[in-house]
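The values are calculated or read from the model by the stated rules, or taken from the named source; none is laboratory data. Because the structure is predicted, anything quoted here is derived from the model rather than measured. All Cβ positions, glycine included, derive from the backbone under ideal geometry; neighbour counts span all protein chains shown.
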Amino acid sequence: MSLITSSTREIPETGQVPRHIAIIMDGNGRWAKRRFMPRVAGHKRGVETVRAAIKACVEHGVEYLTLFAFSSENWRRPVDEVTFLMQLFITVLEQEVVKLHENGIRFKVIGDLSRFEPRIVEFVRNGEVLTADNTRFTLTIAANYGGRWDIMQAVRRMLAQRPELAIGFGEEDLMPYFALNYAPEPDLFIRTGGEKRISNFLLWQLAYTELYFTDTLWPDFDRRALDLAIRSYQQRERRFGRTSEQLQSAVAAGERKKIAEKMSTKKAVKLG
Ligand code: IPE
Ligand code: IPE
Ligand code: MG
């Protein structure tokens, strides 16, 4: 069973720094086009941004970063571009997985890998095994991922393993079968490139995620841009269905409790 809770069943604990950031890295093609370069030059440049984003997230104390690299609908692109993206994925895997491991980063891939070349699948699985015990930071790449695919595969796998649930099941039965079952739901979702849509990314998990959209194209999304997104997150009031007044009185009660605890330890020291 997964230890991860559902935001629609229990109110999650939240802090100043988002524990989990999920990003749709969009705008590579337009970045290249503006420079009269082929679209794929934008993808190549986007890899640099990925490196910088991982570093910045680690430094901020974020624990999970999930990046949408290739959607289940991106096969509709011209063959040349798809081939380039696959090749780029292999190259980056070859170069980076060991470095991720050296930096204590766990590497995971979510998505339907059955359409990928066996060589890619092998690289991915080896990388996952190599980095499995790194707990400080988890980088997840969503490749041939679709939110609907994820929900469907979860239901299918659950029913295959537990056929008795065919007559009825709950969220907690299904959740362990989601591809992202090892991570808490994202606190902050970022989409670069100006579009205001989810494009079949994490549909289930974004239920109570704070959404942030920016016109900045992915290759231009630098540390400053990420800091702005985190700052915007810090100004949000996450209510999870409650009223603002309820939250404020909960905060006041928490503060009262802290003060009471402080006063009682002081007293104990004096008396002891
Ligand atoms: C996102 O950039 C990267 C992938 C989908 C692989 P795009 O390639 O979608 O860039 P635009 O949206 O065409 O500018
Ligand atoms: C979403 O970007 C997928 C990734 C970033 C991998 P797209 O550029 O494919 O999304 P749409 O087609 O504009 O919705
Ligand atoms: Mg796009």
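Some notes on this structure:
- Boolean, ALA22 is more than 10 Å from ligand 1 (Cβ to nearest atom), within 21 Å of GLY127 (Cα to Cα) and not in a helix (DSSP H, G or I): yes
- Residues of region 32-52 that are under 20 Å from ALA229 (Cα atoms) and either of a type in the set (Lys, Arg) or touching a Phe, Trp or Tyr at 6+ places or on another chain (Cβ under 7 Å) (or both): GLY46, THR49, ARG51.
- So LEU247, is it within 16 Å of HIS20 (Cα to Cα) and among the aliphatic types (A, V, I, L, M): no
- Scanning region 190-223 for residues that are within 16 Å of ligand 3 (Cβ to nearest atom) and of a type in the set (Phe, Trp, Tyr) turns up PHE201, PHE213, TRP218, PHE221.
- Cβ-Cβ distances below 6 Å connect the following pairs, each with a first residue in region 11-30 that is on the phi > 0 side of the Ramachandran plot, a second residue that is among the hydroxyl-bearing types (Ser, Thr, Tyr) and within 16 Å of ligand 1 (Cβ to nearest atom), and a separation of six or more residues or different chains: GLY27/THR192.
- Just one residue in the set PHE70, PHE84, PHE107 is over 29 Å from ASP133 (Cα atoms) and aromatic (Phe, Trp, Tyr); that residue is PHE84.
- If the condition is being at pLDDT 95 or above and basic (Lys, Arg), then region 110-154 contributes ARG125, ARG148.
- Selected residue (only one of ALA179, ALA183 is within 16 Å of ILE4 (Cβ to Cβ), touching an Asp or Glu at 6+ places or on another chain (Cβ under 7 Å) and among the hydrophobic types (A, V, I, L, M, F, W, C)): ALA179
- Scope region 5-40; condition within 16 Å of ligand 2 (Cβ to nearest atom) and either touching a strand residue (DSSP E or B) at 6+ places or on another chain (Cβ under 9 Å) or modelled with pLDDT under 95 (or both); matching residues: ILE21, ALA22, ILE23, ILE24, MET25, ASP26
- Leading residue by the ranking (nearest to LYS44 (Cα to Cα)) among those in region 205-261 that are of a type in the set (S, T, N, Q), in a loop (DSSP other than H, G, I, E, B) and without any contact (Cβ under 8 Å) to a residue 40 or more places away in the chain: THR214
- Enumeration of residues in region 35-71 that are free of Cβ contacts under 8 Å to residues at least 24 places away in the same chain, part of a helix (DSSP H, G or I) and within 16 Å of ligand 3 (Cβ to nearest atom): ALA41
Yes or no, residue by residue, for (1) loosely packed, with under 12 Cβ neighbours inside 10 Å; (2) under 17 Å from the mean Cα position of the chain (by Cα); (3) among the aromatic types (Phe, Trp, Tyr):
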site: GLU94; (1), (2), (3): yes, no, no
site: LEU100; (1), (2), (3): no, yes, no
site: GLY111; (1), (2), (3): no, yes, no
site: ARG115; (1), (2), (3): no, no, no
site: ARG125; (1), (2), (3): no, no, no
site: LEU130; (1), (2), (3): no, no, no
site: ARG136; (1), (2), (3): yes, yes, no
site: ILE141; (1), (2), (3): no, yes, no
site: PRO176; (1), (2), (3): no, yes, no
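- Only a single criterion out of (1) on the phi > 0 side of the Ramachandran plot; (2) buried (at least 16 other Cβ atoms within 10 Å of the Cβ) is not satisfied by PHE36, namely (2).
- ALA143 being within 20 Å of ILE23 (Cα to Cα), assigned to a strand (DSSP E or B), assigned by TED's automatic domain parsing to the domain that holds ASP26 and small (Gly, Ala, Ser): yes
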